[in-house]
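This report concerns only the one structure given below.
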Amino acid sequence: MTEYSMKSHKQRKHQRWLNRFCRVANQSIANDPLWLGRFVIEQKATVMDWFDDGSGGILRCHMVLRDKKTGITKDWYTDCLEIDWKYFWEMNNFIVDTCKVWENEHPYEERKDYRNVR
């Protein structure tokens, strides 16, 4: 996937990059043999912050991490510059700390395909 660029003067390009990032991240979890699409990242809102010097801008976003099995959600506020590398950290913390999957369940024994579950 391409790196996020702050140079564009069109919000649509920034939004397309975020849409692509979410699609790739969700496909990655859907293809994971352990989770089978159980966890997803969704966009709730975005706001474009333009730089004062007119050189571009950065897209700030409100994301939601969701567990399809339990219905647990976590709000996450970030921007497109950080989402690239913080996503994996946030998703891991969501699975381990918020959903407590490894404490309350046995994921290797209780596998279910969540790819077609909304």
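Values as computed for the structure displayed
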item: Members of segment 66-118 found to be β-branched (Val, Ile, Thr), farther than 28 Å from Arg16 by Cβ, in contact with a Phe, Trp or Tyr (Cβ under 9 Å, 6 or more places away or on another chain) and not in a helix (DSSP H, G or I), listed by number; result: Ile72
item: The lone exception for Phe21 - which of (1) within 20 Å of Lys112 (Cβ to Cβ); (2) touching a residue at least 60 places away in the same chain (Cβ under 8 Å) it fails; result: (1)
item: Condition check for Asn31: surrounded by fewer than 14 Cβ atoms within 10 Å (Cβ to Cβ) and at pLDDT below 95; result: no
item: Of the criteria (1) surrounded by fewer than 15 Cβ atoms within 10 Å (Cβ to Cβ); (2) modelled with pLDDT under 95; (3) not small (Gly, Ala, Ser), which one Tyr114 fails; result: (1)
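Every residue, every condition in (1) more than 15 Å from Met63 (Cβ to Cβ); (2) in contact with a Gly (Cβ under 7 Å, 6 or more places away or on another chain); (3) in a helix (DSSP H, G or I); (4) among the small types (Gly, Ala, Ser), yes or no:
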site: Lys7; (1), (2), (3), (4): yes, yes, no, no
site: Arg12; (1), (2), (3), (4): yes, no, yes, no
site: Cys22; (1), (2), (3), (4): no, no, yes, no
site: Asn26; (1), (2), (3), (4): no, no, yes, no
site: Pro33; (1), (2), (3), (4): yes, no, no, no
site: Leu36; (1), (2), (3), (4): yes, no, no, no
site: Ala45; (1), (2), (3), (4): no, no, no, yes
site: Met48; (1), (2), (3), (4): yes, yes, no, no
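The values are calculated or read from the model by the stated rules, or taken from the named source; none is laboratory data. Predicted model, so just to flag it, every value in this text is computed and none were measured. For neighbour counting, all protein chains shown are included, and Cβ atoms are generated from backbone atoms with ideal geometry for every residue, glycine included.
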